[in-house]
Amino acid sequence: MNILHASRALPKDGESCSGDAVFARVGDGASLFVVIDVLGHGPNAHRVAQRALQLLEQLPIETGATAAIDALHQGLHGTRGAVATAFSLHHNDGELCGVGNIAFRLLGFRCSFVSNPGILGMQSPRRLGTRFRLGSGQGVILHSDGISQRFDLERIPAQRPAALCEYLLSHHRHSHDDASVLIVLAEDSMRGLS
């Protein structure tokens, strides 16, 4: 199974940098993806987002979603805080874990996932992840509150992850807020081969 992914983060209008960030690392048999939305905007929020990315970069690729969120919670202590949702894959076994209001959509399957309340680095109760199996043609969309949740996936023409990121940002972005989106899609590794 191939993992296709695309992401993008934009600052709110009038700012030169964003407090939203996306982490993506794909390896053989393991992947880790995280969408982060730091409280506030501008250079101070951007610095915290960069710190979060550095923390995630230090984790082994096999790190699960819950462990990644726990590492962010510890590593962001003393900052303005952030919300984030992580998505990890170990072969076909997926895990979602989040704190705060990062929105998610599932593509081609259903599972029960509720993000935990709180703010990473400040207050956050015990974090619980949700596990599931990911098959070919299935995927996940994660986005910050800088993108409206009022889009109907059924009305959006089937697109590759990069094109879908651009569509969501151009049609559903709130210009008064930082915005980030991540799309991950599993594809049959034999697709197109004869």
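The values are calculated or read from the model by the stated rules, or taken from the named source; none is laboratory data. All values reported here derive from a predicted model rather than from experimental measurement. Cβ placement follows ideal geometry from the backbone for every residue including glycine, while neighbour counts extend to all protein chains displayed. Accessible surface is based on the protein model in full, side chains and every heavy atom, while ligands, DNA and RNA are left aside. Shrake-Rupley method; radii C 1.70, N 1.55, O 1.52, S 1.80 Å.
Here Ser112 passes the criteria (1) in a strand (DSSP E or B); (2) polar (S, T, N, Q); (3) more than 21 Å from Ala24 (Cα to Cα) except the one numbered (1). For the subset of segment 180-194 comprising residues that are among the hydrophobic types (A, V, I, L, M, F, W, C) and within 16 Å of Arg133 (Cβ to Cβ), which member is modelled with the highest pLDDT? Restricting to residues being among the hydrophobic types (A, V, I, L, M, F, W, C) and within 16 Å of Arg133 (Cβ to Cβ), the top hit is Val184.
Among the residues of segment 144-161, the one identified as modelled with pLDDT of 90 or more and under 22 Å from Asn92 (Cα atoms) is Pro161. The residues of segment 116-136 that are without any contact (Cβ under 8 Å) to a residue 60 or more places away in the chain and open to solvent by 30 Å² or more (accessible area, probe 1.4 Å), listed by number, are Pro117, Met122, Gln123, Pro125, Arg126, Arg131, Arg133.
Taking residues in segment 31-49 that are over 17 Å from Gly146 (Cβ atoms), and partners anywhere that are assigned to a strand (DSSP E or B) and of a type in the set (Phe, Trp, Tyr), the pairs with Cβ atoms closer than 6 Å and at least 6 places apart or on different chains are Phe33/Phe87.
When Ala71 is tested against (1) within 14 Å of the chain's Cα centre (by Cα); (2) free of Cβ contacts under 8 Å to residues at least 60 places away in the same chain, just one condition goes unmet, and that condition is (1).
If a residue must be among the charged types (D, E, K, R) and open to solvent by 60 Å² or more (accessible area, probe 1.4 Å), how many such residues does segment 159-183 contain? Within segment 159-183, residues that are among the charged types (D, E, K, R) and open to solvent by 60 Å² or more (accessible area, probe 1.4 Å) number 3. Just one residue in the set Leu59, Leu39, Leu4, Leu55 is of a type in the set (A, V, I, L, M, F, W, C), at pLDDT below 95 and open to solvent by 10 Å² or more (accessible area, probe 1.4 Å); that residue is Leu4.
When residues in segment 138-173 are screened for being part of a loop (DSSP other than H, G, I, E, B), closer than 26 Å to Glu15 by Cβ and either small (Gly, Ala, Ser) or free of Cβ contacts under 8 Å to residues at least 60 places away in the same chain (or both), 6 of them pass.
May I ask you to verify whether Asp145 is surrounded by 18 or more Cβ atoms within 10 Å (Cβ to Cβ), out of contact with any Cys (no Cβ under 7 Å at 6 or more places or on another chain) and farther than 26 Å from Gly27 by Cβ? It is true that Asp145 is surrounded by 18 or more Cβ atoms within 10 Å (Cβ to Cβ), out of contact with any Cys (no Cβ under 7 Å at 6 or more places or on another chain) and farther than 26 Å from Gly27 by Cβ. Annotation: of all residues in segment 7-36 being surrounded by fewer than 23 Cβ atoms within 10 Å (Cβ to Cβ) and of a type in the set (S, T, N, Q), the one that is farthest from Ala86 (Cα to Cα) is Ser16. Taken as a whole, segment 78-96 holds at least one residue that is open to solvent by 20 Å² or more (accessible area, probe 1.4 Å), in contact with a Lys or Arg (Cβ under 8 Å, 6 or more places away or on another chain), at pLDDT 95 or above and assigned to a loop (DSSP other than H, G, I, E, B).
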